[in-house]
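The values are calculated or read from the model by the stated rules, or taken from the named source; none is laboratory data. Values in this document were obtained by computation on a predicted structure and should not be read as measured data. Note that each Cβ is placed from the backbone with ideal geometry, even for glycine, and that neighbours are counted across all protein chains shown.
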Amino acid sequence: MKKIQMVDLKGQYEGIKDQVNTSFQEVIENAAFINGPEVQQFQKDLEDYLQVKHVIPCANGTDALQIAMMGLGLKPGDEVITADFTFAATVEVIALLQLTPVLVDVEPDTFNIDPEAIKKAITPKTKAIVPVHLFGQPANMDAIMEIAEEHNLYVIEDNAQAIGGNYHSKNGKTQKTGAIGHIGATSFFPSKNLGCYGDGGAIFTNDDEMAHTIRGIVNHGMYERYHHDVVGVNSRLDSLQAAVLRAKLPKLDSYNEARKKSAVKYSEALKGQEDVITPVLLGKEDTHVYHQYTLKIINGKRDALAKHLQEKGIPFGIYYPIPLHKQKAYVDSRYNEADFPVTNHLVQEVLSLPMHTELDDEQIEYISKTILDF
Ligand SMILES: *Cc1c(COP(=O)(O)O)cnc(C)c1O
């Protein structure tokens, strides 16, 4: 059996080696390391793939979220609602911009932000909602967009874990996740579903004016060379990273398909176990892109299982072990423990199994059997 890894980027590289090596060579020969033709072309490729009017590449997913919020012109003290159960980047940029993060609970099945909790958290200061499509499954965008419309709020989708997923709206429309709200933000961190070989990110929007604003913000607030109209940042995707992403984008659907197949196999092998809850797919099959395959291990057995897996040499992840509202940086006296029943449970139950494009049947069987034996 091949060595089991949480992600296998080396194995994936074998399938795109020639193309990546050739385009790396070209970038080096052309010496257009920043904003070279590869970046421009990748931007267009991604616009086509996502069916979104504007893609603005940037340096990483955290920057993408920050720049999205800067683009909306939010002011210190404005409240931004986001999920309590996610990676800290989302809440970090809210706080960094001196906006007020308002963390709310998530749904027990999908781990995604709970629209009812959003409604309860809205105040006259609320300006935006940041749903995270956690582990690759879209949040309830129908409900979120409805709430946003009713209260005149912006929606920034954190699509870092869900690129390539579809969302089927109640009205029959199908869109790519990240292209539904006012702005989408994503990360090309190597282990993401579409990852480069370093850091990278992008912002998406269908709004021409917003796109123009954001293109200036990523480039020191410049709309005309050496004229700085707004306070911006320096955040760019470099040409070598764009070359990797161009090689991988045409394969994204098949990569996501491979993840899905592995997820189905895991769920088949683990079904019917009293203490194991396999991921719940709420929409159609093409909605979930399984950035993570995350189990809930109930009845207090998670940590013992984790120890067992460790002993058997099977890697796993606990995403995430602490609710954001309990992180030192984000504690806020306004929060009430009773408002976070789901997150407080999830942090004790979740366990993510190895999930990547190169998993084979033998590995999945071995991992599943090890869990069943336990
Ligand atoms: C990875 C990730 C980010 C941040 O992306 P970076 O490229 O690492 O800055 C933000 N939000 C979520 C949900 C993520 O998973």
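Rundown of residues vs (1) assigned by TED's automatic domain parsing to the domain that holds Q363; (2) touching a Ser or Thr at 6+ places or on another chain (Cβ under 8 Å); (3) within 22 Å of N112 (Cα to Cα), yes/no style:
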{"site": "V264", "(1), (2), (3)": "yes, no, yes"}
{"site": "D275", "(1), (2), (3)": "yes, no, yes"}
{"site": "G283", "(1), (2), (3)": "yes, no, yes"}
{"site": "H291", "(1), (2), (3)": "yes, no, yes"}
{"site": "K296", "(1), (2), (3)": "yes, no, yes"}
{"site": "K301", "(1), (2), (3)": "yes, no, no"}
{"site": "K307", "(1), (2), (3)": "yes, no, no"}
{"site": "K312", "(1), (2), (3)": "yes, yes, no"}
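Kindly list, by first and then second residue, each pair from a residue in region 217-229 that is assigned by TED's automatic domain parsing to the domain that holds A64 to a residue that is among the charged types (D, E, K, R), limited to pairs with Cβ atoms under 7 Å and residues at least 6 apart or on different chains.
V218/R236; G221/D229; Y223/D229
Give just the number: which of (1) over 22 Å from the mean Cα position of the chain (by Cα); (2) crowded, with 22+ Cβ neighbours inside 10 Å; (3) on the phi > 0 side of the Ramachandran plot does S239 not satisfy?
Looking at each condition in turn, S239 falls short on (3).
Any residue in region 38-66 that's closer than 14 Å to V244 by Cβ: show its pairings with residues that are of a type in the set (K, R) and part of a helix (DSSP H, G or I) at Cβ separation under 8 Å, as long as the two are six or more apart or on different chains.
From residues that are closer than 14 Å to V244 by Cβ, the pairs are E38/R246; Q41/R246; F42/R246; D45/R246.
Go through region 53-152 and tell me which strands (runs of 3 or more DSSP E), entirely inside it, have 2 or more residues that are closer than 26 Å to G317 by Cβ and within 16 Å of the ligand (Cβ to nearest atom).
Correct list: 79-83, 100-104.
Within region 317-339, track down each residue that is assigned to a loop (DSSP other than H, G, I, E, B), touching a helix residue (DSSP H, G or I) at 6+ places or on another chain (Cβ under 6 Å) and crowded, with 19+ Cβ neighbours inside 10 Å.
The answer is P323, and nothing else.
Step by step: first the residues of region 27-55, then only those that are among the β-branched types (V, I, T) and over 16 Å from I163 (Cβ atoms), then the one that is surrounded by the fewest Cβ atoms within 10 Å (Cβ to Cβ). Which residue is that?
The qualifying residue surrounded by the fewest Cβ atoms within 10 Å (Cβ to Cβ) is I34.
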